[in-house]
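The values are calculated or read from the model by the stated rules, or taken from the named source; none is laboratory data. Not measured: the values here are computed from a predicted model. Here the Cβ is made from the backbone with ideal geometry for all residues, glycine too, and neighbour counts use every protein chain on show. Accessible surface is based on the protein model in full, side chains and every heavy atom, while ligands, DNA and RNA are left aside. Shrake-Rupley method; radii C 1.70, N 1.55, O 1.52, S 1.80 Å.
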Amino acid sequence: MNLKLRTFSELLSTTIGLTLLSSVALQSWAQNQASTEKADIPRAKVGVVLPSSATTFPAGDGADIANSHCLICHSAGMVLLQPALSESQWQTIINKMRTAYGAPLPADQINALAAYLSKIVSEQDAPASATTK
Amino acid sequence: MKRSNSNLYRLSRRNFVAQAGQLGIAGMLGSLSWTARSDESIDLPFWNGQRELVTNFPQKGAMILQRTQPALLETPFEVFDQGVFTPNDRFYVRWHLPNIPTFIDPDVFRLKIHGRVGKPLALSMHDLLHDFPRVQIAAVNQCSGNSRGFFKPRVAGAQWSNGAMGNALWGGVRLKDVLDRAGVDSAAVQVRCRGLDSGILPATPNFMKSLTLDHARDGEVMIAYEMNGEPLPLLNGFPLRLVVPGWYATYWVKMLAEIEVLDQPDDNYWTAKAYLIPDTPGANITPVQKDVKMVPINRMVPRSFFTNLKDGAAVKRAQALKVRGIAFGGDTGVDKVMVSADAGHRWQEARLEMDHGKYSFRRWEIALRLANAGPHKLMVKAVNNSGMAQPDDANWNGSGFMRNAVESVSLQVS
């Protein structure tokens, strides 16, 4: 499981890393172009670096499943900042991730993950939750 | 790797405060409708509402972090007190899919128009800037799920407060002019727009949204290359973004790169299955209501907000109180803004400030004098030019879309 996640996020950070190298140079280039005629403004090159999140799921039964399957397409904030939802509401969400977006989560892990998420998310409303999501 | 530090646009906390001071932003923090716990976190007024205030996103100032990847950034509400247009660097950000290009060379970029057209086109930025009339429109861009965090019972999705909206002066070309150049086939029924973003797994559907051909050719829908007189920030869709005045932001495709003219109604996931609302007035149902007919979300509805009053603030009895805020009519202009100082028993009409067009925010202002000591509930309600008023009671639907109930703040008068 974790192996799969690592591959995905490594792939992601390599891409970001490469973009980073080129974008530092390009940003200065874009700034130099800022004085071009107004109508031509949208033609200056733009390179940026997007922040990434290192937040993983809190320890507990099911954290492994969440870490390997719920950080592939979005960072943890999508999950941890939800309201307190029931297990069956989480089952519905997890199924949507599988059917609508292609999350590769085996069907026999849905219930365990839903139980874990409904527990940890409802315990979220504490100052400790203010870490990068 | 410390990515944020290599970002030229990033301001250190100290720099930000210094610059904010120069711009007069620091002084406005007191008018927040919730409490900022520290420089770096903010409590949105609902359960699990603590959020970081971040400055490490490119071309963005301080924003409320809802999700890092793909970015969901909310505009802190005090920004709306500062002017009728939302500055580009404070404009909210909302992406669905994680692969967002981080480098764009407008000299290489092409906008493709294909499908049921006489002549497929691949337009360069130069073509768009020089071969088509340039038009401008002031328009509110609001997420379908703006204010979702206030739904009762709560629903899943991005847990926004009221800052998933903004108003900008958009500059660009009419979608109609571009379609005419390509020559639309008589069999065409819809126009499907796609941006450069994509999912990380091939199974995730690409983000695409469609408009009917008539809507696409109404002369108002535009392809914007400017936002408030500047190129769009990358996170708001550089180099091109569809602008669909009066309609929810889900249609305003960012990094617009492909326009496909269809001869069948679009059946892609994001148009046909996502962003559906109950086909009821105000998209309002009860949580137990079943078998409701669902339709794609479409026109916006009127809203209004206080921008200079903090919930729970103490004011002096009989003291002149200048109250101000913003309103918008949704798919048409603001007819009037009504303010009540007694929980909705009596209403007074606010003075509307300059009109920037029917799709824009409109600032309003009213002077109140609260004669009696004690708690006062102030309410604000907009009525649009079609006679549609904000409802007193909030709507509910399972996706948390289209909230537009009357807003209120409580003041303690002594």
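Which value in deg cm²/dmol, rounded to the nearest 500, describes the helix-derived mean residue ellipticity at 222 nm for chain B, given -39,500 (n - 2.57) per DSSP H run of n ≥ 4 and division by the residue count? Before the final figure, lay out each step's value.
Numbers: 5 runs with 34 residues, N = 414.
The helix-only estimate for chain B comes to -2000 deg cm²/dmol at 222 nm.
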Shielding by other protein chains, A:89-101, mean Cβ within 10 Å: 2
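Which value, in square angstrom to the nearest 100, describes the accessible area buried between chains A and B on both sides, using a 1.4 angstrom probe? Don't jump to the answer; show the numbers that get you there.
Working: alone 9020 and 18450 Å², together 22460 Å².
In total, chains A and B hide about 5000 Å² from solvent.
Ignoring ligands, DNA and RNA, what accessible area per residue does the stretch B:303-413 give at 1.4 Å, in Å²? Walk me through the intermediate numbers first.
Numbers: 4950 Å² over 111 residues.
Accessible area per residue, the stretch B:303-413: 45 Å².
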On average, how many beta carbons from a partner chain sit within 10 Å of the beta carbon of a residue in B:47-53? 6
If you place +1 on the Cβ of every Lys and Arg, -1 on the Cβ of every Asp and Glu, and leave all else neutral, what size is the dipole of the stretch B:303-413 about its Cα centre, to the nearest 20 Debye? 420
How many angstrom separate the Cα center of the stretch B:391-407 from the Cα center of the stretch B:85-144? 31
For the stretch B:2-274, the accessible surface attributable to carbon and sulfur atoms (probe 1.4 angstrom, ligands and nucleic acids excluded) amounts in percent to 51
Note down the nm distance, to one decimal, between modelled labels 7 Å out along Cα→Cβ at residue B:47 and at residue B:319. 3.7
Amide H proximity to residue B:144 below 5 Å, modelled H, separation 5+ or other chain, gives B:249, B:250
Rank these residues by their accessible area, most exposed first, probe 1.4 Å: A:92, A:99, B:250, B:280. A:99, A:92, B:280, B:250
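Among B:321-327, B:339-345, what's the highest-first ranking by average C-beta atoms within 10 angstrom per residue?
Per-residue mean Cβ counts within 10 Å order the peptides as B:321-327, B:339-345.
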Take the cross-link list B:254/B:290; B:322/B:358; B:176/B:209; B:60/B:310; A:96/B:293; B:60/B:316 and give me the ones stretching past 28 Å between alpha-carbons. B:254/B:290; B:60/B:316
Spin-label point model (7 Å from Cα, Cβ direction): what's the residue B:373 to residue B:189 distance in nm? 6.9
So which residue, out of B:382, B:371, B:394, gets the largest mean-square fluctuation from a GNM of chain B using Cα contacts under 10 Å as springs? B:371
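Grab the other residues whose beta carbon is less than 14 angstrom from that of residue A:62, score K and R as +1, D and E as -1, and report the net.
Values: positive: A:119; negative: A:61, A:64, A:87, A:108, A:123.
Summing Lys and Arg as +1 and Asp and Glu as -1 gives -4.
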Modelled label reach - residue B:130, point 7 Å along Cα→Cβ, the stretch B:76-117 residues with backbone N closer than 19 Å: B:105-112
Using a 1.4 angstrom probe on the protein heavy atoms only, could you order B:230, B:52, B:78 from most to least accessible area? B:230, B:52, B:78
For a quick check: with amide H placed at 1.01 Å from N, whose amide H comes under 5 Å from residue B:258's, ignoring anything fewer than 5 positions away on the same chain? B:112, B:194
Under the definition of partner shielding as Cβ atoms of other protein chains within 10 Å of a residue Cβ, what is the mean value for peptide B:150-157? 3
What is the magnitude of the charge dipole of the stretch B:130-266 about its Cα centre, with +1 placed on the Cβ of each Lys and Arg, -1 on the Cβ of each Asp and Glu, and no other charges, expressed in debye to the nearest 20? 620
How do B:338, B:354, B:165 rank by accessible surface area computed with a 1.4 Å probe, from largest to smallest? B:354, B:338, B:165
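Give the shape of the stretch B:258-306 as rounded, prolate or oblate, defined through the alpha-carbon gyration tensor: a ≥ b ≥ c are the square roots of its eigenvalues, a/c under 1.5 means rounded, and otherwise the shape is prolate if a/b is larger than b/c and oblate if not. The partial results should precede the final answer.
Working: a/c = 3.04, a/b = 1.42, b/c = 2.13.
Oblate.
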Using the Karplus curve 6.51 cos²θ - 1.76 cosθ + 1.60 with θ = phi - 60°, work out ³J(HN,Hα) for each residue of the stretch B:167-179 in order, rounded to whole Hz, and write x for Gly and Pro. 10, 9, 8, 8, x, x, 10, 6, 4, 4, 4, 5, 5
Distant-in-sequence amide H partners of residue B:315 (H built 1.01 Å from N, under 5 Å): B:412, B:413, B:414
